[in-house]
Amino acid sequence: MQNYNIMELMICVAARELGNGRTAGIGTGAPCAAALLAQKTLAPHLVIMFESGGVDPILPEIPVSVGDSRTFHRAVIAGTMFEIMQTCSRGMVDYAILGGAQIDMYGNINSTMLGKDYLNPDVRLPGSGGANDFASLCWRTIIMSVQEKKRLVSKLDFITAPGWLEGGESRVQSGLPLDTGPYRVITNMAVMDFEPESKWMRVISINPGYTFDDIQSNCEFELLKAPRIFTTKPPTALELRVLRDEIDPNRQIIGR
């Protein structure tokens, strides 16, 4: 019987992707929880960077937004958004962790609007913030999303943050830096990467309790399969203890 929920699983999986001694541009919510979990377990020297200007803070608790004053608490640098994005453009930020309302097969992200008319959308979303800069300039972009057809779609209503654009070499041809781009898509059902040549999303690991058919039926486009597909390791007792007791004791992110 599972002793964890889907948000806890996604956060733990994302945390394991963050290397020790690396830099990560993150937002609040689940990405922040994943970065803190990495710091407290496998990557104690991970440097967290917030788009509002805080670099390597010692967070007293989970901030409510990237502009929260807690993102500067005992930070190495209390800078500005300009300085963070300049650091990204210099190639000094290894990871970005992003979410979005829609993600397509090439890892392009929409967090701007839903509908056919930009001026009269069905739903107006928060927009880019620093997401476009992070996705354009950080070396590896990790995307976190619930697995649903309305989220993993064949065509975005709007491209907020670029993934592999139209696949193949289109990202580099657009002028974006070589070797940057989407790295992982982490959902409640699976972990995906992108096939090296086509840059099309493919399943590399299936979460406990799901099958490939479950994943495919909750995705609007056809998913590829990696040559070898693994079973995702569930959260460990240590990961859950740290996440529940130290990072999010009030269950604001991970839920009850």
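Bear in mind these aren't lab numbers, they're just calculated from the coordinates by the rules spelled out. Note that the coordinates shown come from a computational prediction; the quantities given were computed from them, not determined experimentally. Here the Cβ is made from the backbone with ideal geometry for all residues, glycine too, and neighbour counts use every protein chain on show.
Miscellaneous remarks
- Residues listed by number, region 153-174, amide nitrogen under 11 Å from E195 label point at 7 Å toward C-beta: 168
- Filter on K150/K199; K40/K225; K40/K199; K40/K155 - keep pairs with C-alpha separation over 30 Å: K40/K225; K40/K199; K40/K155
- Placing a pseudo-label 7 Å from each Cα along the Cα-to-Cβ vector at F212 and Q2 gives an inter-label distance of 2.1 nm.
- All Cα pairs of the chain, percent lying beyond 23 Å: 49
- Loop sites in region 92-201: trypsin sites (Lys or Arg not before Pro), DSSP, at most 10 other Cβ within 10 Å: K116
- Cut-off 12 Å (backbone N to label point 7 Å along Cα→Cβ of S174), residues of region 88-129: 104, 106-110
- Neighbour-count ranking [beta-carbon atoms within 10 angstrom, fewest first] of F134, F50, F221: F221, F134, F50
- Backbone N within region 124-138 under 17 Å of label point (7 Å from M92 Cα along the Cβ vector): 134, 137-138
- Beta bridges per DSSP with both ends in region 6-247, % antiparallel, nearest 5: 45
- Each peptide in 243-253, 185-195 was scored by the mean count of other Cβ atoms within 10 Å over its residues; highest first, the order is 185-195, 243-253.
- Dipole of region 142-245, positive direction: furthest Cα of G168, S145, L178, with charges on the beta-carbon: S145
- Taken about its Cα centre, the chain carries a charge dipole of roughly 420 debye when the Cβ of each Lys and Arg holds +1 and the Cβ of each Asp and Glu holds -1.
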